[in-house]
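Presented below is the structure to which this report refers.
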Amino acid sequence: MLFLPRFDERCLLAILMKQKKRPVHQISALFVAITLIFSSLGFSAQAAPDVELGKKLFKQNCASCHKLDKKLIGPELGGISQRRSEEWLIQWIKDNAALRASGDADAIALFDEYSGSVMNAFPALSDDDIRSILAYTDAGDQKSAPLAADAAVAPVEEENSPVMLIILGSFLLLFLSLLLRIRNTLKQVQGEKATHLLQDANKFYLWVNSNKRFMTFLTIVLSLWFLQVTYAYLMGIGVEQNYQPQQPIAFSHKVHAGQNKVDCNYCHSSARHSKQSGIPSANVCMNCHMYIDGSEITDSLTGALKYGGDRSPEIAKIYAAIGWDPDKRAYTDGGEQKPIKWVRVHNLPDLAYFNHAQHVTAGGVECQTCHGPVETMDEVYQYSDLTMGWCINCHRETEVKTETNGYYADMHDRLKEKFKGEKITVEKIGGLECGKCHY
Amino acid sequence: MANEKKYWKGFDQLANTPVAQKLAQNEFVEEIPVADFLGNQQMMESSQTSRRDFLKYVGFSTAAATLASCESPIVESIPYLIKPENLVPGVPNYYATSYTDGQDFASVLVKTREGRPIKIEPGDKGFFNSGTSARAQASVLSLYDSARLTGPRKGEESSSWSAVESALKQAATKAQEEGKTFVLLTGSVFSPSTKEVIDRVRSAYGNFVHVQYDAASISQKLDAWEALTGARALPSYDVHLANVIVSIGEDFLSGNNGQQLAAAYANRRKPGAEMSRHIQFETSLSMTGSNADKRVKLKPSEQGAALAHLYNKVTGSSVKVGTLSSDVRKSLDSAATELLAAKGASLVLAGGNNGANEHLAAAINAALGNMGTTVRPDRAVYILQGNDRSFANTVADMNAGRVGVLVAWGVNPVYSAPHSGFAQGVKKVDFSLALTDRWDETASVCSVAAPVPHYLESWNDFMPVAGTLTVSQPTITPLFDSKPAQEVLLALIGESTSYKEFLKGNISERGLSVNSVLHDGGAIIGQGNGTSSAAAGAKALAGVAAAADEAAKVKTGAFEIEFYQKAVGAGFQANNPWLHELPDAISRNTWDNYLTVSAADALAMGLINESQSNGAINGSLVKLTVKGRTLENVPVWIQPGQTAKTLGLAIGYGRTKAGKVADNVGVNAFALMSDGATSDVATIELMEGEHEFACTQLGNTMMGRKIVNETTLATFMADASGKSWNEKVEYHTMLGSVTANEASLWLDHDHETMHMWNMSIDLNNCIGCGACVVACSIENNVPVVGKEEVRRSRDMAWLRIDRYYSSDMTEERADAENIGGIEMYASMEVPAESPQVVFQPVMCQHCNHAPCETVCPVVATTHSMEGLNHMTYNRCIGTRYCANNCPYKVRRFNWFNYQANEQFADVNPAQDDLGRMVLNPDVVVRSRGVMEKCSLCIQRIQYAKLEAKKKGSKMEDNAFTTACAQACSTGAFTFGDVNNKDSQIAAVKKEARAYHLLEEVGTQPSVFYQTKVRNQA
């Protein structure tokens, strides 16, 4: 049996967004995406409903303590229906404490085996629900064979390198000179005068000499254009918009913030309190990744288990860094810890003081306003140009929360009087003053 | 017509001699020392590189460097692996702890960022000495001193703690077997837990002796009090209860007796009926003397006689009085009258390290009924406990070979007692261990040296004063392989417990909660030690005749020398560049100690201080001899207010093994001292040569201008409006007469809508200590520039304390005596022989009509609607127009990249990785070629505003303050928002004493001053 996750607009959008930066491949990507949508729709209709439901329920209720193929906090559950009777399992899952209280020997033995770890009761699950879960534990996560589409997506490579362009250009030149020769030969055959580039150039020079005004004009235009280009180039120095460095761990904001809807502040908790947004320390990662080791990650396109049921090598990097032994499920004693060296994406110069709390807590600005649609980025890139002009523009336009923030209680009336009905922007309370950010 | 005249450079050229021919061939007369500045000459000559090639390389490399610099560097961000729970990056954490550096004590708060201490702030719970001196402020840099010892070492080789500990154990056992003593030599130990550790060692080793030794000793004073109360401790002085304070040579405001009295003193210096009266008799012009209402010059040898005379006058008795000049007698008589009028609410203090004098002072206080009121022997101060006699005995034992083990912990007698015979004695000790912070003079003669942690890395408890327990807690993981000395001692007696646990156990045993004690930094555990003030007073009175006889035995000579302390103190933190760059309160000299002489003596002996063409001062050198010991090349500083025929020299300088900052700065005054005496008879002899001073103030008088507005208490009380003593400048305009604050040529900035930050500086409260200057440097990453640059007037301090001497010449006197203008101004420049001194902290005045703002061609300095003058470093191109146009001269220019330029490697702490850790991460480090100046701690303003916005509440008046205001223990600074009508600053702005500096210029500053009022008739 082959099943695939449903392919929705978000994935398409994600692909399109990603491809925006590489417009050459846009059409091919669109083609691939459309092909995929049709194929996935076709396949998903064939998926068995009970297993599908069971999988969903399993993820919701059981996955934090159980896995199909290995012991986690509780025993492994793959093929559990072969080891225990369905009736017993339903009783146990619904209320294992009651089952133990009834003196069921198996239940008590199991409880002792796991040294008294109490499993939650799930009275809300119906018998059918539990059967679905059990069906899922029997079926397991099917490893699907790589699709043809998969192969089509993979080799997306940059081709417009300067070397290629130079080679192409020289071919073109060669081709042009060949054409010229052929044309001249033909002309000579017809008895016409052949075109001689050098003579023509000389003629052009004479013409130029007699049209000095035009040339002066042309020179001025060209100089201005050159100046403009130079200015634009110089102004772009240090502006790293779209900077997308490779990170030591292929952490995807799309998966965390987008698909799993983890709040930005959960990891970047100091953004509310501090000038730094804070890169989460590895122990924050471990809050979830102590249980999620990536073995259940499915490929977003094929639905197949991405790492063939093994631990994700990327998550394993966190384990290595913090010194966690995922097999023993414990921190290694005196184990070596290696800090993770992330590459900073957004770099403000030292001379500019920026405070996250000022914008996030006091100003109520959304993270995305400056950082862009991070929830769609697999690898984060610098969305805004982070130039002073960009800061200033926002300060000119953004209204200050003078009405709601108690800090402005005294100033509010004075500001209202002074600006008589105008929008009170950051600029109006001194937000453009140099020393507010440069000290 | 062409000029046919020919000029010859000399006869040689005219005669066309071979020399002239040769010279004509060579462009330069002498060979140019190319090799000197380009390195290897041979290589230069054999090189195939032509000038053209060289230019090509330069061109290409410049182009390559330019292109490369367009590429942004890759910045790594490394988060914690496991973030400590209470730590948020970017948000400071504060820890209450106790500052000690071997000499001082203070209850402080330590500001840490991302786990590293960056600032010392005054304690907030009001425990003993809850203020920060310049030394306490600077102490955070001593933590990051790269000269600290990084691990145990045996001679020049590195060793290990286990080796050190086992060697110590072996040596201690051996000494016990051989009947030799085991000496633990420490500074003053006033930590109850440490004492307990020492007691345990004492009971384990029968041959154990604990000796306490202070470099800046008050041992004889302590002896006197031990005789009176039985406790070897000074009483605490309640200066705030004293209406009249008479100090005979005691510089009590500098805190060198262990007590910070400045705050209590300033508390009673507010003009009004309650203002105290302070009379100072002293030798050298001290900070305390500068603040006195009346100052009388006195030779050190006259101190005892002065006290005896004062005693006679106060009690009507007639104990023996030594020689005393009639002027001093007269002043003492009037002081006695004032003291008698304030019985029970007066205070007499004796200076120096002299038991007899101290006894006489105690007797006077007893006679005046001050025992138990202003003098509190029951609240004994334990901060200084050193005993010179036991130290001398120990050194004698060492030299006699009777000492088997010597553990020298936190002391440096090789430097601070060079003539005691200690250095020779160490060699005769079988095993000597220095528990030290650096490989200093003493550590290098001991057989083994091992590092102890800095106070910011340590656990400890203290009892600075009877009834108060304070704690020290680490604010950073130890930087080096150090071990607390207490743990070394515990290990010696086989106890493996950590000192932290030992300490916590002791705190719990007292019935205190460890957490709350650590949170507050201490606890009040009792009310004094129960000593009877009356009994002490009675004893003092009983022994007064003997004390007077003893005091009269003092030696006199043609010249007398007094040893005093500057910001460097006794030299424990001598390797701290902030303390060297902080100008001396009185002489305003940096990076030096020097012999102070009076102008009359200088004239008589041909000693000079001369201004050079660059404005710096050079001085004569003398050979100074005390008791046959000689110091050569001692620079001379002519000091107004110095008593005739006396000299002054600061201790704490002339270190040789403290680190690159301290070594060879100044001369070692300890080399002239003996038996802890702070004064002696000396002779001086002029030497060849000159000394280069780095003085930050060249104009010493106010030349009749209202820079520091000053009046007397009588005038102040007579006219509450201030019209007669604080006249406002008025302009005559077409609109009539307007004050300088109303006159305006252009539209004013809006200062009413948002905040309006103002600062008031009360000149009555400023004692000139310089804690604010150091605090400012730390808070704002102000670079240290070193002596050479200060000498070129390129000091970078954003905040300076100007000191002005009064002059005998005034405009009134010139009028009365018909003295012409030129002569009047010439003599106005000369400070009086006994000048009155005023201190005035000056920083950017944040003018609301700022002269600097109008001249900046690139708009790098601008005005904010909060009344601040902003300086945008990244915009500045360094024209320095602003500095030239600033009437207050508060702008500072970065002539060099002090953080990277090799020239400053020896002085600038930001040049090594360790020293950089002290930088405030909220303030940018300025680079070469930009102007900088006081921002009124805009980073603190912005931070506090944000905190209020985050909470969504109004800003409280006391929510924050600037670094200078926070460091000031006397409350001279008031800072706040004048638009907040309930604020303290709004209230003081309306006071009659308030005035602006150089009001007549019309700059309308946001900083203003409060008129100085002296308690004089």
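The values are calculated or read from the model by the stated rules, or taken from the named source; none is laboratory data. Keep in mind that this is a model prediction, so the values were computed, not measured. Reconstructed Cβ throughout: ideal geometry from the backbone, glycine too, with neighbour counts over all protein chains shown.
Looking at A:T369, A:T361, which one is among the polar types (S, T, N, Q), outside any loop (DSSP other than H, G, I, E, B) and within 14 Å of chain B (Cβ to nearest Cβ)?
A:T361
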**Item:** So B:G187, is it within 21 Å of B:D437 (Cα to Cα), surrounded by 22 or more Cβ atoms within 10 Å (Cβ to Cβ) and touching a strand residue (DSSP E or B) at 6+ places or on another chain (Cβ under 9 Å)
**Value:** yes
**Complete:** Condition set in a helix (DSSP H, G or I) and of a type in the set (F, W, Y), scope the range B:859-888, selection nearest to the other protein chains (Cβ to nearest Cβ): answer is B:Y873
**Request:** Looking for whichever is of a type in the set (A, V, I, L, M, F, W, C), in contact (Cβ under 8 Å) with a residue 24 or more places away in the chain and more than 30 Å from B:V445 (Cα to Cα) here; the options are B:A408, B:A336, B:A396, B:A392. Which one fits?
**Result:** B:A336
**Prompt:** Of B:E853, B:E817, B:E833, which residue is of a type in the set (D, E), more than 22 Å from B:Y1009 (Cα to Cα), within 14 Å of another protein chain (Cβ to nearest Cβ) and over 24 Å from the mean Cα position of the chain (by Cα)?
**Reply:** B:E853
**Request:** Give the range B:922-935 a look and list any residue that's of a type outside the set (D, E, K, R), more than 9 Å from every other protein chain (Cβ to nearest Cβ) and out of contact with any strand residue (DSSP E or B) (no Cβ under 6 Å at 6 or more places or on another chain), or say none.
**Result:** B:S927, B:G929, B:V930, B:C934
**Scan of the range B:407-419 for residues that are part of a loop (DSSP other than H, G, I, E, B), surrounded by fewer than 24 Cβ atoms within 10 Å (Cβ to Cβ) and more than 22 Å from the chain's Cα centre (by Cα), ordered by number** = B:P418, B:H419
**Item:** Residue check, A:E366 closer than 26 Å to B:D977 by Cα and loosely packed, with under 14 Cβ neighbours inside 10 Å
**Value:** no
**Message:** Taking the condition of being assigned to a helix (DSSP H, G or I) and in contact (Cβ under 8 Å) with a residue 60 or more places away in the chain, how many residues in the range A:86-127 meet it?
**Reply:** 0
**Request:** Only one of these is surrounded by fewer than 16 Cβ atoms within 10 Å (Cβ to Cβ), modelled with pLDDT of 80 or more and aliphatic (A, V, I, L, M): A:A105, A:A121, A:A151. Name it.
**Result:** A:A105
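Just to be sure before I move on: is B:P841 assigned to a loop (DSSP other than H, G, I, E, B) and either over 18 Å from B:V782 (Cβ atoms) or in contact (Cβ under 8 Å) with a residue 60 or more places away in the chain (or both) in the structure I sent?
Answer is no for this residue.
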**Message:** Need the failing condition index for A:G308 against (1) over 26 Å from A:N283 (Cα atoms); (2) within 14 Å of another protein chain (Cβ to nearest Cβ), just the number.
**Reply:** (2)
**Request:** Pick out the one residue from B:V1013, B:V925, B:V988, B:V918 that is touching a Pro at 6+ places or on another chain (Cβ under 6 Å) and in contact (Cβ under 8 Å) with a residue 12 or more places away in the chain.
**Result:** B:V1013
**Fill in**
Taking the range B:836-849 and the residues there that are surrounded by 23 or more Cβ atoms within 10 Å (Cβ to Cβ) and either within 14 Å of chain A (Cβ to nearest Cβ) or among the polar types (S, T, N, Q) (or both), the one that is nearest to B:V708 (Cα to Cα) would be B:Q845
**Message:** Taking the conditions exactly as written (at the interface with another protein chain (Cβ under 10 Å from one of its Cβ atoms) and either crowded, with 16+ Cβ neighbours inside 10 Å or out of contact with any Leu (no Cβ under 9 Å at 6 or more places or on another chain) (or both)), does A:S274 satisfy them or not?
**Reply:** yes
**Prompt:** Is the range A:422-436 home to any residue that is more than 10 Å from chain B (Cβ to nearest Cβ), part of a helix (DSSP H, G or I) and within 30 Å of A:H256 (Cα to Cα)?
**Reply:** no
**Message:** List the residue pairs whose Cβ atoms are under 6 Å apart, where the first residue sits in the range B:212-240 and is under 21 Å from B:T194 (Cβ atoms), the second is in a loop (DSSP other than H, G, I, E, B) and among the aromatic types (F, W, Y), and the two are 6 or more positions apart or on different chains.
**Reply:** B:A233/B:Y382
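Checking the condition under 30 Å from B:I761 (Cβ atoms), touching a Leu at 6+ places or on another chain (Cβ under 7 Å) and surrounded by fewer than 24 Cβ atoms within 10 Å (Cβ to Cβ), which residue from B:N267, B:N257, B:N243 passes?
When all the criteria are applied, what remains is B:N257.
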**Request:** Take A:E379 and decide whether it is within 30 Å of A:R344 (Cα to Cα), acidic (D, E) and at the interface with chain B (Cβ under 7 Å from one of its Cβ atoms).
**Result:** no
**Prompt:** Within the range A:277-287, which residues are closer than 21 Å to B:P92 by Cα and within 7 Å of another protein chain (Cβ to nearest Cβ)?
**Reply:** A:G278, A:I279, A:P280, A:S281
**Hits in the range B:160-200 - residues which are in a loop (DSSP other than H, G, I, E, B) and within 20 Å of B:S508 (Cα to Cα)** = B:F190, B:S191
**Asked** Which residues, counting only those in the range B:948-979, are within 9 Å of chain A (Cβ to nearest Cβ) and either assigned to a helix (DSSP H, G or I) or within 23 Å of A:A357 (Cβ to Cβ) (or both)?
**Response** B:A948, B:K949, B:K950, B:K951, B:G952, B:S953, B:K954, B:M955
